[in-house]
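Asker: Would you mind keeping the following structure in view while I ask a few things?
The values are calculated or read from the model by the stated rules, or taken from the named source; none is laboratory data. Source: prediction; values computed, not measured. Here the Cβ positions follow ideal geometry from the backbone for every residue, glycine too, while neighbour counts run over all protein chains shown. Ligands, DNA and RNA are excluded from the accessible area calculation, which covers all protein heavy atoms including side chains. Shrake-Rupley method; radii C 1.70, N 1.55, O 1.52, S 1.80 Å.
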Amino acid sequence: MKILAWSVGIVLGVFALFGLTQWAASERVEVVQLNTTNDEGATVTTRLWVADHEGLSYLRAGEGSGWYARLISNPSITLERNGNIANFRATANRDKVEIINRLMNDKYTWGDDFFALFVDREDSIPIELQSR
């Protein structure tokens, strides 16, 4: 019985440590709030990383992410950054995958490396935000 309790405790501890690491990796550097619209017209807020390049801001999506699907359906979005809310038109710009991946890694350092253990960055989709 004692071995079972220790085993359960260790497993729970590992999950808690993983969750804490994931949170620290995600939230320790700048995080923006993307507002997209779902099929019912409701606003959905997603917390994301952002990088700037040549005067434009970029997000990075995975092909199967819900926020990316909503953005493709309706590319008119709002973004809250540093307490400021702005309207943008979002477009995928796959030609920038290498530079945006590098900029994200430079900015988010070990957090980006942590998530790269689970997601292939070569398949990521840079989302260019153009003011509207």
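Asker: In the neighborhood of Pro75, defined by Cβ-to-Cβ distances under 13 Å, what is the net charge if each Lys or Arg adds +1 and each Asp or Glu adds -1?
Answerer: Details: positive: Arg70, Arg89, Arg132; negative: Glu128.
Neighbour charge sum, excluding Pro75 itself: +2.
Asker: Give the carbon-plus-sulfur fraction of the accessible surface of the stretch 51-117 in %, rounded to a whole number; probe 1.4 Å, heavy atoms of protein chains only.
Answerer: On the way: 1780 of 3630 Å².
Using a 1.4 Å probe with all protein chains present, the stretch 51-117 comes out at 49 percent carbon and sulfur.
Asker: Could you check the simple spin-label distance between Ala69 and Thr45, using points 7 Å along Cα→Cβ, in nm with one decimal?
Answerer: 2.3
Asker: Mind checking the full-extension length gain between Asp123 and Ala86? Use 0.36 nm per residue of separation minus the Cα-Cα distance, one decimal, nm. Please list the in-between numbers first.
Answerer: Values: separation 37, 0.36 × 37 = 13.32 nm, distance 2.77 nm.
This chain segment gains 10.5 nm when fully extended.
Asker: Let me ask another. Between the DSSP loop rule and a limit of at most 10 other Cβ atoms within 10 Å, which chymotrypsin sites (Phe, Trp or Tyr not before Pro) in the stretch 28-101 are left?
Answerer: Details: sites: Trp49, Tyr58, Trp67, Tyr68, Phe88; in loops: Trp49.
Passing both the DSSP loop test and the Cβ count: no residue.
Asker: As an exercise, use a Förster radius of 22 Å and the Cβ-Cβ distance of Glu98 and Val29 to find the FRET efficiency, rounded to the nearest 0.05.
Answerer: My answer for the efficiency is 0.60.
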